[in-house]
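Input: a single structure, listed below in structure tokens.
The values are calculated or read from the model by the stated rules, or taken from the named source; none is laboratory data. Just so it is clear, the structure is predicted and the values come from calculations on it, not from any experiment. All Cβ positions, glycine included, derive from the backbone under ideal geometry; neighbour counts span all protein chains shown.
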Amino acid sequence: MRFIFHSIIMVLLFLAASWIYQNAISEEDRYDIFDLLRRESVTAAIGVSEGPILAQAAKPTLRAKPLEVPSLGLLEQVNDALSNLTDAVVPSVVSIDTTKSVDVQRLVPNDPFGMFGYRRLNQRYESPGLGSGVIVSEEGHVVTNHHVVADVDAIQITHHDGTKYEAEWVGSDPGADIAVLKIKPSEGRPLPKFQPLAFGDSEKVRVGEMVLAVGNPFGLSETVTRGIISAKQRQLSDGANEYFQVDAVINPGNSGGPLINVRGEIIGINVAIFSGQQEVKVWQGIGLAIPSDEARAVFEAIVHGEPLIRGYLGLDLAEISRNYALALGLSSTRGALITNIAKGSPAETAGLKPGDVILKFDDKEVKTATDTLARIRLKKKSDTAGLEIVRKGQVMNIAVDVVAKSDTNSIKLKSDIAATGQTISSSLGLELRELTREERAALGLDAGSPAILITDVKKGSQAEKRFLPGDLIHRINRDPVSSVAEFYDLLGSLPHDRQSTMVLSRNGHRITAIMNP
């Protein structure tokens, strides 16, 4: 009963409040809840005497005309030209996806509470990578940055039309940060004739010249940005290459993509962004690109076997030990110690001697011997290198004329690694071949199981102590061995600072052989 009484009271109060509200505003011209309940229109409530306002208002007419801007036709031509240039360039730019196996050690308890100690558990996972590249030959050679493909296990290239191809690393110049890849044909599908881009002459590039940067930043394929050459001869470190500075947007994933001039030529390979604030990992207005002359020289040295011409002084350099620095009265170990001078070299002509310490190179402080050698190689023929040296406690300045010489030490080739692996295998005394289909069936191995056969072991060789004819080699350092070529590649690229392992099987029993550097 109390609930019913309270409900009646609430209803009466609501009706009273409504009556007061209605009488209080009845003379005012406004639209309220009672008008809404009576479904009256808004215009009627506002009190328009001659019909709704919208009915009387004239309908707007779109009479605006294009602005009469002087030389507008020229701007339209430039706009069309940029679009046509982009259409012509983009099909030659590819996306590069890489995977790299990473081994991680974890400590796993021997019991739920770890009371009986822990054991080490090795886990391997695939680390993905992303970059860009540019096709430079009809056969499918791709130029990119060395750091994009360094030490990766697999390379996949996505073409402009969406087709995916496996690619192999052909060679690199780590110092120049240039690598060359080759697109591989798929089984039963030959490669098409690719559309390459030509290298331009980076010596003729001018500051202020308009450029396009093409790549796949953050995995966004076929991204094109426009800018100008902001500066030339930029360096990230004392021993680094000289770069073009551009204001075209370059972000992670653009590495290895081309920098294009208005003629559609490659004048640079995008390599990095300059980050003034280290915590900011995106573009801040400064991008860097390797000049095309350097990239072309590396490509021709790798693919065509042409000599790579570098600056040469005829110096052998070494790092400065702490004791040597104390003996010379140097305040630090910074610098480069001259250990030998080639006869008839520019260094000998200039009067340099073994035992001299190089403190400055072209008025820039020398940090290490490695940096000094890198600076020498970057010099061009007929350049002059200004050296500040210390000889028997006396500081001297010497100018050395640079000459050009073939550099056989900078290029790193897959063929060299394979040849090294074959040499190592021969020196060990091993002879190898792939298994036939019948042999795999007899051994219970499917087509995808990694294995090659040792056919012979030379008498008196190192291999005779560990291997027997008929042994199967399955892995080297967890990397599968499915062919003799893969075995040579892996053997030639073994680390020189730690032991490696080779996994074999003999009569169905697994064997692990330890290989010292």
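For the reader, a short list of remarks on this structure follows.
- Any hit, segment 486-499, residues being within 12 Å of GLU434 (Cα to Cα) and part of a helix (DSSP H, G or I): yes
- Qualifying residue in segment 351-358 (condition: in contact with a helix residue (DSSP H, G or I) (Cβ under 7 Å, 6 or more places away or on another chain) and in contact (Cβ under 8 Å) with a residue 40 or more places away in the chain): yes
- Restricted to segment 455-485, and to residues there that are of a type in the set (A, V, I, L, M, F, W, C) and assigned to a helix (DSSP H, G or I), the residue that is farthest from ASP416 (Cα to Cα) is ALA463.
- Segment 486-517 - residue that is touching a Pro at 6+ places or on another chain (Cβ under 8 Å) and either among the acidic types (Asp, Glu) or at positive phi (or both) and, of those, modelled with the lowest pLDDT: ASP497
- Flag if ALA419 is out of contact with any Lys or Arg (no Cβ under 9 Å at 6 or more places or on another chain), surrounded by fewer than 18 Cβ atoms within 10 Å (Cβ to Cβ), hydrophobic (A, V, I, L, M, F, W, C) and modelled with pLDDT of 85 or more: no
- Matching residues, segment 316-361, being closer than 15 Å to VAL400 by Cα, surrounded by 16 or more Cβ atoms within 10 Å (Cβ to Cβ) and polar (S, T, N, Q): SER345
- Residue within segment 135-157 that is of a type in the set (Asp, Glu), more than 28 Å from ILE417 (Cβ to Cβ) and assigned to a loop (DSSP other than H, G, I, E, B) present: no
- Within the span defined as segment 74-89, one or more residues are under 21 Å from the mean Cα position of the chain (by Cα), at pLDDT 90 or above and surrounded by 10 or more Cβ atoms within 10 Å (Cβ to Cβ).
- Those residues of segment 362-390 which are at pLDDT 90 or above, surrounded by 14 or more Cβ atoms within 10 Å (Cβ to Cβ) and not aliphatic (A, V, I, L, M), in sequence order: GLU388
- Across segment 201-210, not a single residue is classified as among the hydrophobic types (A, V, I, L, M, F, W, C), buried (at least 22 other Cβ atoms within 10 Å of the Cβ), in contact with a strand residue (DSSP E or B) (Cβ under 6 Å, 6 or more places away or on another chain) and part of a strand (DSSP E or B).
- Search result, residues across segment 336-382 that are touching a Leu at 6+ places or on another chain (Cβ under 7 Å), of a type in the set (A, V, I, L, M, F, W, C), within 12 Å of ILE398 (Cβ to Cβ) and assigned to a helix (DSSP H, G or I): ALA347
- Selected residue (criterion: surrounded by the most Cβ atoms within 10 Å (Cβ to Cβ)) from residues of segment 422-453 that are in a strand (DSSP E or B) and touching a residue at least 40 places away in the same chain (Cβ under 8 Å): LEU432
- Flag for PRO217 being at pLDDT 80 or above, in contact with a Ser or Thr (Cβ under 6 Å, 6 or more places away or on another chain) and not basic (Lys, Arg): no
- Some residue of segment 167-183 being part of a strand (DSSP E or B), surrounded by fewer than 14 Cβ atoms within 10 Å (Cβ to Cβ) and of a type in the set (S, T, N, Q): no
- Within segment 127-140, being under 12 Å from GLN156 (Cβ atoms) and without any contact (Cβ under 8 Å) to a residue 60 or more places away in the chain holds for PRO128, GLY129.
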